[in-house]
Structures are given as C-alpha cells and as structure tokens.
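A.B. asks: Next up is a structure, given as structure tokens.
What follows is calculated from the coordinates using simple rules that are stated; it is not laboratory data. In this text, all values refer to a predicted model and were calculated from it rather than measured experimentally. A quick note on method: Cβ atoms are made from the backbone with ideal geometry, for glycine too, and the neighbour counts reach across all protein chains shown.
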Amino acid sequence: MVPLISLNNGVRIPQLGFGVYQVPEDQVAGAVTTAIEAGYRSIDTAAAYYNESGVGDAIAGVPDLFITTKLWNSDQGYDSTLRAFDESMRRLRRDVLDLYLIHWPTPSRDLYAETWRALEQLYADGRVRAIGVSNFHRRHLQRLLDEFPTVPAVNQIELHPLLQQEELRKVHSAHRIVTEAWSPLAQGTLLGRVEIAGLAEKYDQTPAQIVLRWHVQLGNVVIPKSVTPYRIKENIDIFDFELAQDDMTVIAELDNGTRTGPDPDRFNAA
Ligand code: NAD
C-alpha cells in the first residue's frame, strides 16, 4: 500500500503517483488504466501535457483517486487562471480537483502572485481541495508567504539523486510545504550508474526501485512516469524493503547539481 502524506490543510496525498508528461493523448488512457490496476491512486497531469481529456477517460467513475493538474504559463493572471481551471476541469470531467499547481513561476512576466490570488479563490470556493506551486525557487515562495494568507501545500520541483535540492527541502519543511519530486528518475539517465546498480544487486531490486525508495525514505512525494506495463508495476512495488542509512548516504553523494529540465528563473515559455 502506498503511504499517504498529510498536506498543511489536512488533505492527504499518496506518496507515490503516476506522472503522464509526454504521454500522447491517444495513449494516456491506457497507461493510466494500467497504473490504476497496479494500485496507483494519484495521477499527475498538466494543461501543457495536452492529455487531460485522455486522463479524464481513464479516471471516469474510479473512486478514491487524487488528481493533480497544473496551470500553464500563458494562462497566468487572475481572470485567465479561473478560465483555464474551468477548461482543465471540463477536459478531466471532475467537479472538484484534488490539487492545482502553478506550473512555473515565469518571473520575467511577474504574474505568479496574481495567479496565486486566483488559486486562493478556487480553494475558497471549494473547487479544489489543495493548491500549490511547481518549480518555485525560495524567493518565489517567500513572496507568496509574505503577501498571501495561504501557504502552498506543495512545491513540485525537479529532484533526483543528481539534484537533491537540500536547501529548498529545508525551506519546505520550515513552512510545512510538501516536496514533490518531478523527474524522480532523472528521466532514466541515472539508472545505469554503478552505485545504483550496486545497490540494486544488494537489495535484489531494480535500479528504478532503489531510486524511488530513496525518495520515499527522504519523505518526498514521487510521480515516476512510464508507459511500459511492467515498469509501471515495478515503480510502485517499493514498499516492502528499506535502504540502510549507509546506502542512503551512497546515494546522497551522487548530488552534482545536474538538471534534466530548465532553471525556473530562466524558463519563460508561453
Ligand atoms: P522520470 O524521472 O519519471 O523518468 C521517466 C523515464 O524513465 C521513462 O520515460 C523511462 O524512460 C524511464 N523509466 C521509468 N521507469 C523505469 C523503470 N522502472 N526502469 C527503467 N527505466 C524507467 O521523468 P519525467 O517523466 O520527466 O517525470 C515524471 C513526472 O513528473 C512527469 O510525468 C510529470 O507528471 C512530472 N513532471 C513535472 C514537471 C514540472 O515542471 N512540474 C516537469 C517534468 C515532469
């Protein structure tokens, strides 16, 4: 069973979910159905993934799910956020969303504070059970903490053994913001590392299972992606073993600051 983590408003999120970035609309329903059958209860999509309708097909009528979607950069701003939320909900065919995130801060446009005000409104109106952000650096978070009553429930950031985000994780804990790791496997690029392969052999697990287990033991929420059924199953099968502290340290030493995605300060795609 996947553990549940309490957000700062008491809503509970499964610690492991299924990410659907780059899964084409015509394949996503099949992948999400496979994930649900394997035991996943949390699905992470975004308006910018252009697959919310397919996710909507797969989740229709399935109870006890936790659905996250994200507001795209070009929809930032108060009124446009409210409109974009309605569009996402229409595609997902949900009455109430579990978690809505601002996808990127896009600081050069300076609209994320206005956008946060709209998310607070959606939360106050009961349209979403929790609101949060993604790709926010410390200073973007600090602005929301300074100017608004609602502390983000989640900051979804790039995080994996090559980019461990220790400083940001400390900021999150200080404010009871849950750290959610995107590209938790560094898009598969680190699975061939000799240190990970050694631990996989030692624990009789796959390299992906070692890395996902490391995340879980750090307290991160993780949302690995795969469209391959046996990998979808393997990625959730990580709750029956535990890495020893020494082996957590072996992984801690792999941190070298490598990003697979852009630096949020410079990412302004619309
Ligand atoms: P990931 O780290 O989950 O890696 C996915 C890739 O790793 C797969 O395409 C496959 O090649 C490989 N893989 C997966 N399972 C494997 C296994 N068991 N064995 C071997 N290889 C395996 O990368 P991701 O898709 O970039 O990130 C996961 C999710 O995070 C996304 O689907 C999306 O939901 C979210 N995300 C969010 C943002 C954001 O800006 N908020 C950005 C990127 C991703």
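A.B. asks: Taking the Cα centre of the range 4-260 as origin, sum charge times position over the Cβ atoms of Lys and Arg (+1) and Asp and Glu (-1), and report the length of that vector in debye to the nearest 20.
C.D. replies: Dipole of the range 4-260, to the nearest 20 debye: 400 debye.
A.B. asks: Provide the percentage of antiparallel DSSP beta bridges, counting only those with both residues in the chain; round to the nearest 5.
C.D. replies: 15 percent
A.B. asks: Rank the residues 108, 88 as a footprinting-exposure proxy: fewest other Cβ atoms within 10 Å of their Cβ go first.
C.D. replies: Ascending number of Cβ neighbours within 10 Å: 108, 88.
A.B. asks: Sort 128-134, 193-199 by packing, meaning the average of other beta carbons within 10 Å per residue, with the highest value first.
C.D. replies: 128-134, 193-199
A.B. asks: Something else about it: Assuming R0 = 30 Å, can you tell me the calculated FRET efficiency for the pair residue 233 and residue 194, based on Cβ-Cβ distance, to the nearest 0.05?
C.D. replies: The calculated FRET efficiency here is 0.70.
A.B. asks: Pairing the Cα long axis of helix 194-203 with the longest principal axis of the chain, what angle in degrees results, from 0 to 90 and rounded to the nearest 10?
C.D. replies: With both axes taken from Cα atoms, the answer is about 70 degrees.
A.B. asks: If I fit a long axis through the Cα atoms of helix 166-175 and take the longest principal axis of the Cα atoms of the chain, what angle between them do I get, 0 to 90°, rounded to 10?
C.D. replies: Helix 166-175 sits at roughly 50 degrees to that axis.
A.B. asks: What order, most packed first, do the peptides 263-269, 36-42 have when packing is the mean number of other Cβ atoms within 10 Å of each residue?
C.D. replies: Ranking the peptides 263-269, 36-42 by packing returns 36-42, 263-269.
A.B. asks: Between residue 117 and residue 203, how high is the FRET efficiency from 1/(1 + (r/R0)^6) when r is the Cβ-Cβ distance and R₀ = 41 Å? Nearest 0.05.
C.D. replies: According to the calculation, E is roughly 0.30.
A.B. asks: In degrees, nearest 10, range 0 to 90: what is the angle between the Cα axis of helix 138-147 and the longest Cα principal axis of the chain?
C.D. replies: Result, in degrees: 40.
A.B. asks: Okay, moving on. Could you tell me how far the Cα centroid of the range 165-229 sits from the Cα centroid of the range 99-161, in Å?
C.D. replies: 23 Å
A.B. asks: Follow-up. Sort all Cα-Cα distances of the range 94-203 into consecutive 10 angstrom bins from zero, then give the percent of pairs in each bin up to the one containing the longest distance.
C.D. replies: Going from the shortest bin to the longest, the percentages are 13, 39, 28, 14, 6, 0.
A.B. asks: Step through the residues of the range 109-121 one at a time and calculate ³J(HN,Hα) from phi using the Karplus curve (6.51 cos²θ - 1.76 cosθ + 1.60, θ = phi - 60°), rounding each to whole Hz and writing x for Gly and Pro.
C.D. replies: 8, 6, 10, 5, 5, 4, 5, 5, 4, 5, 5, 4, 5
A.B. asks: Still on this model: Listing 137, 215 from the residue with the fewest other Cβ atoms within 10 Å to the one with the most, what is the order?
C.D. replies: 137, 215
A.B. asks: What nm value, rounded to one decimal, do you get for the distance between residue 96 and residue 242 when each label is placed 7 Å out toward the C-beta?
C.D. replies: It works out to 3.5 nm between the two label points.
A.B. asks: Using a Förster distance of 30 Å, how high is the FRET efficiency between residue 270 and residue 26, based on the Cβ-Cβ distance and rounded to 0.05?
C.D. replies: Between residue 270 and residue 26 the formula returns 0.70.
A.B. asks: On to the next question. Just grab the label-to-label distance for residue 62 and residue 260, each label 7 Å out from Cα along the Cβ direction, in nm (one decimal).
C.D. replies: The answer from the label model is 2.2 nm.
A.B. asks: Can you give me the Kirkwood hydrodynamic radius for the chain, using every pair of distinct Cα atoms, in Å to one decimal?
C.D. replies: Evaluated over the chain, this radius sits at 18.7 Å.
A.B. asks: For n ≥ 4 DSSP H runs only, could you compute -39500 (n - 2.57) per run for the chain, divide by its residues and tell me the 222 nm figure to the nearest 500?
C.D. replies: After summing the helix terms and dividing by residue count, I get -12000 deg cm²/dmol.
A.B. asks: Okay, moving on. Roughly how many nanometres apart are two label points built 7 Å out from the Cα toward the Cβ at residue 217 and residue 33?
C.D. replies: 3.8 nm
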